[in-house]
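The values are calculated or read from the model by the stated rules, or taken from the named source; none is laboratory data. Quick caveat: nothing in here was measured; it's all calculated off a predicted structure. Every residue, glycine as well, gets a Cβ built from its backbone with ideal geometry; the counts of neighbours run over all protein chains shown. Calculation scope for accessible area: heavy atoms of the full protein, side chains included, ligands and nucleic acids excluded. Shrake-Rupley method; radii C 1.70, N 1.55, O 1.52, S 1.80 Å.
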Amino acid sequence: MPVLYGSYRSRATRNLWLAGEIGLELELRQVWQAYRLDKPDAPDAPFNTRSRGFLSLSPMGAIPVLVDGDLVLAESLAINLYLARRYGGDLGPRDEAENALMTQWTLFAATAMEGPGLAIQNVHTYGRADSEAGRGEIADKVEALGRPLRVLEGHLGRDGHMVGGRFTVADINVAEILRYAQSHEPLLAEYPAVDGWLRACQARPAFRAMWDRRAAEPMWL
Ligand SMILES: N[C@@H](CCC(=O)N[C@@H](CS)C(=O)NCC(=O)O)C(=O)O
């Protein structure tokens, strides 16, 4: 059985959601991000991203990491593309053209949207949304997201899904990246096709099951 090293409050959500969609049994081995622990370097600290045993799997000290047989794979989006292709049936590509488009949209989201989205989420998470600096930062990041969101609005308005006219790994990868920016509620009002698509993705039972487990995981230890 493939083993996923990670936690529900991390980018492993992408992989856990996908595994739920395809009914793939994954063993989740809990790895805490070091910053979520009071004393990550203490000898009795829970297994975390600075633990020696984990660094031998992930020299970057980052989760998630997938181990499937001899394959050790980092990068959450690469893990999803691999799992979809190997185990996902129609959630993965049906041919090389779909494979290329799934890779394209995944990289599009990772490079054009993840940075600004995470910055918006951090403003909210760390309680800065009501300060002038926080509002200014959000405005900058919303502006940076304008161009990719207009591209997505046109694409989803025409096709309804990212690739192949059906729900695939590309929808999961893009939706999970866009989720960070959702913490700024007014953002998607101008993009009804993106908004409707994202809500539909997040209404799926496999997303809801992942989300409930995430909510049950403590943020800090
Ligand atoms: N691009 C990587 C980013 C991985 C990453 O930064 N993971 C975070 C959690 S979402 C982490 O492990 N941080 C470790 C730490 O800060 O201790 C991916 O998508 O897998």
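Spot the failing condition for Asp90; the list is (1) within 13 Å of the ligand (Cβ to nearest atom); (2) part of a helix (DSSP H, G or I), and only one is missed. If we test Asp90 against (1) within 13 Å of the ligand (Cβ to nearest atom); (2) part of a helix (DSSP H, G or I), just (1) comes out false. Applying the condition of being out of contact with any Pro (no Cβ under 8 Å at 6 or more places or on another chain) and either within 9 Å of the ligand (Cβ to nearest atom) or not in a loop (DSSP other than H, G, I, E, B) (or both) to segment 32-48 and asking which residue is nearest to Ile63 (Cα to Cα) yields Gln33. Looking only at residues in segment 49-69 that are within 11 Å of the ligand (Cβ to nearest atom) and open to solvent by 70 Å² or more (accessible area, probe 1.4 Å), the one that is farthest from Arg86 (Cα to Cα) is Arg50. No other residue among Ala189, Ala175 is in the same structural domain as Val123 (by TED's automatic domain parsing) and surrounded by fewer than 21 Cβ atoms within 10 Å (Cβ to Cβ) apart from Ala189.
Has segment 138-151 got any residue that is open to solvent by 30 Å² or more (accessible area, probe 1.4 Å), part of a helix (DSSP H, G or I) and either closer than 22 Å to Ala19 by Cα or among the hydroxyl-bearing types (Ser, Thr, Tyr) (or both)? No, that holds for no residue. Quick one: is Gly160 at pLDDT 95 or above, at positive phi and not assigned by TED's automatic domain parsing to the domain that holds Tyr8? For Gly160, the condition - at pLDDT 95 or above, at positive phi and not assigned by TED's automatic domain parsing to the domain that holds Tyr8 - is met. For Arg135, indicate whether it is over 23 Å from Arg199 (Cα atoms), in the same structural domain as Phe108 (by TED's automatic domain parsing) and in a loop (DSSP other than H, G, I, E, B). So Arg135 does not fit the description; no. Is it true that Ala74 is within 13 Å of the chain's Cα centre (by Cα), within 20 Å of Ile177 (Cα to Cα) and either within 12 Å of the ligand (Cβ to nearest atom) or outside the structural domain of Glu25 (by TED's automatic domain parsing) (or both)? No. For segment 192-221, the set of residues classified as in contact with a Lys or Arg (Cβ under 8 Å, 6 or more places away or on another chain), open to solvent by less than 70 Å² (accessible area, probe 1.4 Å) and assigned to a loop (DSSP other than H, G, I, E, B) consists of Glu217, Met219, listed by residue number. If we scan segment 34-46, do we find a residue that is over 18 Å from Leu221 (Cβ atoms) and touching a residue at least 24 places away in the same chain (Cβ under 8 Å)? No, because not a single residue in segment 34-46 is over 18 Å from Leu221 (Cβ atoms) and touching a residue at least 24 places away in the same chain (Cβ under 8 Å). Do we find a residue being open to solvent by 60 Å² or more (accessible area, probe 1.4 Å) and in a helix (DSSP H, G or I) anywhere in segment 109-116? Scanning segment 109-116 turns up at least one residue that is open to solvent by 60 Å² or more (accessible area, probe 1.4 Å) and in a helix (DSSP H, G or I).
If I filter segment 3-19 down to residues being open to solvent by 10 Å² or more (accessible area, probe 1.4 Å) and over 13 Å from Arg213 (Cβ atoms), which single residue comes out as nearest to the ligand (Cβ to nearest atom)? Going through the qualifying residues, I end up with Arg11.
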